Amino acid sequence: MPWHRAGMARGKAAAVGFFEALASSVDHKAFEQRDFAATGEHVYATVRLVQYVRATGRTLEQPEVIHHFTLRNGKVVRCRVAEDTALTKAAFAHPIPPRA
């Protein structure tokens, strides 16, 4: 998962790198925002994602990804995402063999 490789990278350049890695790896088929909650400077959302993994030809469906944003002065200062990493790893693991 190329976008996971940055680890705890910080700053605008890291954010750009994250989205570039994501965009170069998958085609988004669905991004459905489902639930939202907010308190103070924190905003939470659950999202259903469906992505086509270019490297393997597999479809990755995440029924519930959790996004947690921290905002200050109207700007996102932190974003954390929780996903089923086993599903993600499996989608990237082995290419689908070509049909004979």
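The values are calculated or read from the model by the stated rules, or taken from the named source; none is laboratory data. The structure displayed is predicted, hence computed values, not measured ones. Don't worry about glycine lacking a Cβ; one is built from the backbone with ideal geometry, like all the others, and counts go over all protein chains shown. Protein only, heavy atoms only, side chains kept; ligands, DNA and RNA dropped before computing areas. Shrake-Rupley method; radii C 1.70, N 1.55, O 1.52, S 1.80 Å.
Could you tell me whether the stretch 15-30 includes any residue that is modelled with pLDDT of 90 or more and of a type in the set (A, V, I, L, M, F, W, C)? Yes, the stretch 15-30 has at least one match.
Entry remark, the stretch 36-57: residues being within 23 Å of Ala86 (Cα to Cα) and either modelled with pLDDT of 95 or more or within 16 Å of the chain's Cα centre (by Cα) (or both) number 11 in total.
Beta carbons closer than 6 Å, at least 6 apart along the sequence or on distinct chains, pair a first residue in the stretch 65-77 that is over 15 Å from Lys12 (Cα atoms) with a second that is open to solvent by less than 70 Å² (accessible area, probe 1.4 Å) and of a type in the set (Ser, Thr, Tyr) for Ile66/Thr46. Residues in the stretch 85-100 that are of a type in the set (A, V, I, L, M, F, W, C), open to solvent by 80 Å² or more (accessible area, probe 1.4 Å) and in contact (Cβ under 8 Å) with a residue 24 or more places away in the chain: Ile96 alone.
In the stretch 23-42, the residue that is least open to solvent (accessible area, probe 1.4 Å) out of those that are over 20 Å from Val77 (Cβ atoms) and outside any strand (DSSP E or B) is Ser25.
Within the stretch 71-94, the residues that satisfy the criterion of being closer than 18 Å to Phe19 by Cβ and of a type in the set (Val, Ile, Thr) are Val76, Val77, Val81, Thr88. Scanning the stretch 43-84 for residues that are touching a helix residue (DSSP H, G or I) at 6+ places or on another chain (Cβ under 7 Å) and open to solvent by 70 Å² or more (accessible area, probe 1.4 Å) turns up Arg54, Ala55, Arg58.
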